Amino acid sequence: MDGEDGAPKSLMEEMYANGIEGVDDAPSSSTSTTIRKNRPIISGEQLDIEAYAALYSGRTKIMRLIFLADHCDNSGMQLEALRMAYDELKKGENTQLFREVVQKIDGRLGPNYSTDATWCAMVDRKADQRKDKLESELNAYRTNLIKESIRMGYNDFGDFYYAHGALGDAFKSYVRTRDYCTTSKHIIQMCLSAILVSIEMGQFAHVTSYVSKAEQTPEALDPPSIAKLRCAAGLAHLEAKKYKLAARKFLEVGPELGNSYSEVIAPQDVATYGGLCALASFDRTELKNKVIDNINFRNFLELVPEVRELINDFYSSHYASCLEYLGNLKSNLMLDIHIHDHVETLYDQIRSRALIQYTHPFVSVDMRMMADAFKTSVAGLEKELESLITDNQIQARIDSHNKILYARHADQRNATFQRVLQTGNEFDWDVRAMLLRANLLKHEYNLRASRKI
Amino acid sequence: MNLVEGLLTQIQGLSSTASDVLSLQNVLNQADESLHAESTRLLPFLDQLDPSKHSLGYLYFLEACTAGPVTTESASSFVLVIARFISSCVAEQIRLAPDKFISVCKRFKDQVLLLEEPLRGVAPMLTAVRKLQSSTEHLTTLHPEFLLLCLLAKCYKTGLSILEEDIFEVDQPRDLYLYCYYGGMICIGQKCFRKALELLHNVVTAPMSTINAIAVEAYKKYILVSLIHHGQLSTSLPKYASGVAQRNLKSLCLSYIELANSYNNGKIADLETYVQANMEKFGSDNNLGLVKQVVSSIYKRNIQRLTQTYLTLSLQDIANTVQLNSPKEAEMHVLQMIQDGEIYATINQKDGMVRFLEDPELYKTCEMIEHIDLSIQRLMTLSKKLTVMDELISCDPLYLGKAGRERQRFDFDDFDSVPQRFNI
């Protein structure tokens, strides 16, 4: 690497080492005094299922537990998750999901956790009764034409369907309340319910449209609602693979979110999703302004200190430790319902960015040093650099014989001449072909015209 | 016979001035049928006429003589006669009866092919083309005949000389298609792939109301040449290609499109298996040579991509990346490319390394400045031509009538220039 010759040895060593020794200085001291509620959930250690599940409520808790059970290898964790799902379902009214979970358990947890047919039957019967009651009430309200009651009636229907897992019907019911909303508060309530159901259904197009609808209300929204809407928008962008937009939305979420949106997302998730998407898509200035200097977001990052550390490492060019944190987090991230499809892509993007940022300030780079910094072999590094150069993300050339990467800046003058000559040729070709075609068309037109005459 | 002799005297008498020639033409037109009736006995009378002075009359007689079917004995005698006529006839008189001249030359071509000596026909046909065309931008029906003879006689260079000229005026669309198709084949033979691509592109995108076989064959060759020259094929035809072509061409050339797809995937083994599987199909279209060139071009493409990424690379690595069998083969390929001027590199045999260099062209020499200057002037002339044509069309009553009729369909701004009286 090119560096000053007279620099003190410790500085040189630090540059060469590139943060490899930095791994030991894990700042876990700050977290040891935090209360149990804020203990890092998504960390390098194996996931603590109880703590994880405690972050969420409602249907999403059950779905997350089921997802965990489906995707983790450890049968102990699997059974733990299924057991918790069973307990949670018993408190609710969703018999369909209940049966599914029982099937997955398959009797492995003993007789207490098997099909409880009586409970199912009782719940179903109660459901039918309630449904009839709701219907008759709704009809009564409709004949009376009182807007507020009709709206409440449809809302109750929506809640009922949602509790029983009939998501499509729930969505329809919530949307029907739209015609009977009178104040902005009603509209926001309708939008939030619709968003909740859409997220559960996985239809994120609806999420985006309802978020924009809610944000367009004339009255000012209260801060928790704003935060909720931004989270929902961020999730929608994440699903659509628009990582930059997702990052921006998550970073705008204020600390007022707290635990108010536990039916959808936990503050730890906001920090993780926001941090990873930002790393994968922002450039250095944006990263500094919006993430590192962002006071609001700092509160979220405190909840997931590993993500905070890895962002700081990336910014200060300690790539080895950054990548190590990422590697540790991976297994737990793969168990998360929203981000597990995107982990690979995000990781690849972060790694590419690290490589590009590493080579950016130098005229020549020793590939052996670089391979050490990124914990990979020289051959592997060469392949990665080759694909980055072909994609035109690094302007450099590889000297494969001596294993050095040389920066290469295009000669503007030559490039301009080449482009000029090429444009001239293309113009020549196009115009000649065009004149020829015009002549043919004229000929054909004359032929047709003369035939008519 | 009296009729014929009468005609002969008239020809001899009326061939001196332009007005005489016109009245002669009327006479000949009236006598045309009777001439055709006597076709077999007209040959001896030709000796009484001098082709350089009585070109028009000679032409009519000759056309009547050769109107019948071609036989081998008559072929050899006629070939000499026609060749002499073409070289000595007067261009202005010929142009008064272009159809007759064209049919005479076509007969000539048939006879030459029957005798299996296409080379004999090349030079006379070239002269014929030059005499028939009113300007170098004019495409006559004889152009494709000439190119066909060049192809069959394998003298591509003469063909190339005609292809150098730009064509802007066309008599018959079919002539253009054939001309561009044959021209494309000649350029492929001479390895000028850029010009071949241009000509084939003209056929494929020419306005046509129904799909024709020439366009289909041209499209097949276009795909192959595009792969060799550019390394890729644009998947859709440009917007100005006729609707018929856009809809039908792809479905008629499916195996070639498949070939292009497997080329783009970059796996040489797949490409070669595909070629092997479809060998007879390509062979029946006479495209086997081109297909082989496509396969060898994929190696070149891969090596060129390496020059963008590496400064030095070992021959072993080149062999691995480009899927060649050994470093020796890699060395051969790189050497060939350096000699052809496709890449700039030096091979260090001691280390088995190749060092890629930048393009040494600095754009500072006098030749380069001259080249740029000439290009600019050529483009300015072309631009002027385009403006002139645009002005001509905007004054054309047919165009204005159509534009006026369709005024309602377009924005007001587009056709503001059309006067109101053209509203129908």
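Values in this text are rule-based calculations from the coordinates and carry no lab data. All values reported here derive from a predicted model rather than from experimental measurement. Here the Cβ positions follow ideal geometry from the backbone for every residue, glycine too, while neighbour counts run over all protein chains shown.
Could you give the spread of the C-alpha atoms of the stretch A:275-394 along their three principal axes, from largest to smallest, in whole angstroms?
40, 30, 24
Evaluated at 25 °C with a viscosity of 0.890 mPa s, what Stokes-Einstein diffusion coefficient in µm²/s does chain B have when Rh comes from the Kirkwood expression over alpha-carbon pairs?
For these conditions, the coefficient is 94 µm²/s.
Tell me whether the stretch A:160-264 comes out rounded, prolate or oblate; compute the Cα gyration tensor, take square roots of the eigenvalues as a ≥ b ≥ c, and use a/c under 1.5 as the rounded threshold.
The shape class here is oblate.
Rounded to two decimals, what is Rg over Rh for chain A when you use alpha-carbon atoms and the Kirkwood radius?
My calculation puts Rg/Rh at 1.12.
Considering only DSSP beta bridges with both partners in the protein assembly as shown, what is the antiparallel share in %, to the nearest 5?
80 percent
Could you name the aspartates and glutamates whose alpha carbon sits less than 18 Å from that of B:K109, not counting residues in the same chain fewer than 8 places away?
Straight-line reach from B:K109, under 18 Å: B:E63, B:E73, B:D99, B:E117, B:E145, B:D175.
Let me confirm one metric for peptide A:427-434, namely the mean number of other chain beta-carbon atoms within 10 Å of its residues' beta-carbons.
Taking all residues of A:427-434 together, the mean is 5.
State the three equivalent ellipsoid semi-axes of the stretch A:362-407, derived from the C-alpha gyration tensor as the square roots of 5 times its eigenvalues, in descending order and whole Å. Display every interim value, and only then the final one.
Values: eigenvalues 45, 30, 18 Å².
With the √(5λ) rule applied to the stretch A:362-407, the semi-axes are 15, 12, 9 Å.
By the scheme Lys and Arg +1, Asp and Glu -1, what is the net charge of all other residues having a beta-carbon under 15 Å from that of A:Q418?
Value of the local net charge: -2.
Name the residues of the stretch A:352-395 whose amide N is less than 14 Å from a point 7 angstrom out from the Cα of A:N402 along the C-beta direction?
Backbone N within reach: A:363-368.
Starting from the Cα of B:K239, draw a straight line to each of the lysines and keep only those under 17 Å, dropping any in the same chain fewer than 8 residues away.
By straight Cα distance, B:K239 reaches B:K250.
Considering only B:Q133, B:Q377, B:Q336, give the residue with the highest GNM mean-square fluctuation for chain B, with springs between Cα atoms whenever their separation is below 10 Å.
Fluctuation is largest for B:Q377.
How big is the gap, in Å, between the Cα center of the stretch B:90-126 and the Cα center of the stretch A:232-246?
Taking the Cα centre of each part, the stretch B:90-126 and the stretch A:232-246 sit 73 Å apart.
Is the shape of the stretch A:112-155 rounded, prolate or oblate, going by the alpha carbon gyration tensor and its root eigenvalues a ≥ b ≥ c, with a/c under 1.5 for rounded and a/b larger than b/c for prolate? Intermediate results must be reported in sequence, preceding the final value.
Working: a/c = 8.37, a/b = 3.40, b/c = 2.46.
The shape class here is prolate.
Below 11 angstrom from the Cβ of A:L167, what's the summed charge of the other residues (Lys, Arg +1; Asp, Glu -1)?
Values: positive: A:R59, A:K172; negative: A:D169, A:E200.
My count for the surroundings of A:L167 gives 0.
For the stretch A:100-231, what does the relative contact order come out to in percent, with C-alpha contacts under 8 Å and a separation of six or more?
14 percent
By how many nm would the segment from B:D50 to B:L119 lengthen if fully extended, with 0.36 nm per residue of separation less the alpha-carbon distance?
Full extension from B:D50 to B:L119 adds 22.2 nm.
Please list the radius of gyration and Dmax for the stretch A:100-181, considering alpha-carbon atoms only, with Å as the unit.
Cα-based Rg and Dmax for the stretch A:100-181 come out at 17.1, 54 Å.
Can you give me the orientation-averaged projected area of the convex hull built on the Cα atoms of the protein assembly as shown, in nm²?
Mean projected area for the protein assembly as shown: 58.7 nm², to one decimal.
I'd like to know which of B:N212, B:L252, B:L271 lies farthest towards the positive end of the charge dipole of the stretch B:199-275, counting +1 on Cβ of Lys and Arg and -1 on Cβ of Asp and Glu.
Working it through, the farthest residue towards the positive pole turns out to be B:N212.
Taking the Cα centre of each part, how many Å lie between the stretch B:362-378 and the stretch A:95-144?
Each part reduced to its Cα centre gives a spacing of 84 Å.
With r as the distance between the Cβ atoms of A:S364 and B:A91 and R0 = 60 Å, compute the FRET efficiency 1/(1 + (r/R0)^6) and round to 0.05.
0.30
Where in chain B are the DSSP H helices whose alpha-carbon span along the long axis reaches 20 Å or more and whose Kyte-Doolittle mean is at least 0.0?
B:72-88, B:118-132, B:173-189, B:213-230, B:366-395
Going 7 Å from the Cα of B:K292 toward and past its Cβ, which residues in the stretch B:230-272 have a backbone nitrogen under 19 Å from where you end up?
Those under the cut-off are B:269, B:271-272.
Within 10 Å of each Cβ in A:411-424, how many Cβ atoms from other chains are there, averaged over the peptide?
Counting Cβ atoms of other protein chains within 10 Å of each residue's Cβ and averaging gives 3.
Take the Cβ-Cβ distance between A:K126 and A:K244 as r, set R0 to 45 Å, and report the resulting FRET efficiency rounded to the nearest 0.05. Could you put the intermediate results ahead of the total?
Details: r = 48 Å, r/R0 = 1.06.
About 0.40, to the nearest 0.05.
Using the Cβ atoms and a cut-off under 12 Å, what net charge is assigned to the surroundings of B:I11, where Lys and Arg are +1 and Asp and Glu are -1?
The answer is -2.
Kindly identify the stretch B:312-356 as rounded, prolate or oblate by the Cα gyration tensor criterion: order the square roots of the eigenvalues as a ≥ b ≥ c, call it rounded if a/c is under 1.5, otherwise compare a/b with b/c, prolate if a/b is larger, else oblate.
Because a/c hits 1.5 or more and a/b fails to exceed b/c, the stretch B:312-356 counts as oblate.
Beyond a 24 Å Cα-Cα separation, which of these cross-linked pairs lie in this structure: A:K383/B:K300; A:K172/A:K228; B:K106/B:K281; B:K220/B:K384?
B:K106/B:K281; B:K220/B:K384
About its Cα centre, what dipole magnitude does the stretch A:108-198 give when the only charges are +1 on Lys and Arg Cβ and -1 on Asp and Glu Cβ, stated in debye to the nearest 20?
180 debye
Give the aspartates and glutamates reachable from A:K91 as a straight Cα distance under 15 Å; neighbours fewer than 8 places away on the same chain don't count.
Hits, sequence-local ones excluded: A:D116, A:D124.
Taking 22 Å as the cut-off for C-alpha to C-alpha distance, list the pairs among A:K90/A:K126; A:K131/A:K213; A:K375/B:K267; B:K100/B:K131; A:K249/A:K288 that go past it.
Listed pairs above 22 Å: A:K131/A:K213; A:K375/B:K267.
If you stretched the chain out fully between B:C155 and B:H229, how much longer would it get, using 0.36 nm times the residue separation minus the C-alpha to C-alpha distance?
Gain in length upon complete extension: 24.3 nm.
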